[in-house]
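Coordinate-derived values only; no laboratory data. Being a predicted model, the structure only gives us computed values, none of them experimental. All Cβ positions, glycine included, derive from the backbone under ideal geometry; neighbour counts span all protein chains shown.
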Amino acid sequence: MKKIVIIPAYNEEGGIVKTVTDVMENAKDFDYVVINDCSKDNTLEICHEHNFNIVNLPVNMGIGGGVQTGYMYAYRNGYDIAVQFDGDGQHNASYLDSMSKKLVEENLDMVIGSRYIEKEGFQSSGMRRMGIKYFTGLIKLLTGKKITDPTSGMRMINRKIMKQFSEEYPKDYPEPESIVTILKEGAKVEEIPVKMNAREEGVSSISPSKSIYYMVKVSIAVLIAAIRK
């Protein structure tokens, strides 16, 4: 099966080499593509210097647009499995083989790497953990499915979901909304325990000042996604 790692990158000059190297060394059955979302730092130049496989977006599309570009690339190039993988070094490629094995053997549509099953490794800030618990409860209420890490950016999908996401994907803070969308359509989604690392470089897109906006916007988007289906 053809498998690919999609690495959305916006201003990740400090972590992109480590991230791609991790994938190349610890997930040898996977290809990869860096989606440079019109970074303002030296991310693009560093990728060119290291001859990384890269798609360079001419305008900033945000996390949703960047990830959707990766899904379009994967689908059009005939991949069977695609996994989103943060470019800041928080994720560990050593888990990708286990994720793909679970996806295939259990005939799943999505496998999410969750830091909250065994609660090892970096657990995020207290405020963000509260928000994650809130979305876990909201998704359970709307779909009947408990997702312990609904904001995880480490998510693997099969070709059917890849096609769907390449055609339509939330543009802003997409993880919880996209999970609800496919669950309401009957998709099979499971989690696997992973350890994540603290961000070493760069700044999270969800700052404390944006947390309330994030909570309100994503809640509305999740509710709409549930009602539409």
- Please sort through the DSSP H helices of the chain and keep those with an alpha-carbon extent of at least 24 Å along the long axis and a Kyte-Doolittle average not below 0.0. 126-143, 211-228
- Peptide ranges 34-46, 56-68 listed from the most packed, as the mean C-beta count within 10 angstrom indicates: 34-46, 56-68
- Task: Under 1.5 on a/c is rounded, so check that first for region 51-117, then, if it is not, pick prolate when a/b is larger than b/c and oblate when it is not; a ≥ b ≥ c are the square roots of the alpha carbon gyration tensor eigenvalues.
- Result: prolate
- Item | the chain - mean residue ellipticity at 222 nm from DSSP helices (-39,500 (n - 2.57) per run, n ≥ 4, rounded to 500) | -13500 deg cm²/dmol
- Message: Report for region 3-228 the percent antiparallel among DSSP-assigned beta bridges with both residues inside it, nearest 5.
- Response: 25
- Message: Between MET130, MET24, MET215, where does the largest GNM mean-square fluctuation fall for the chain, given springs only between Cα atoms within less than 10 Å?
- Response: MET130
- Message: Classify region 37-172 from the C-alpha gyration tensor, please: rounded if a/c falls under 1.5, else prolate or oblate depending on whether a/b exceeds b/c.
- Response: prolate
- Could you name the aspartates and glutamates in cross-link range of LYS140, using Cα to Cα under 19 Å and dropping any fewer than eight places away on the same chain? ASP109, ASP149, GLU175, GLU177, GLU185, GLU190, GLU191
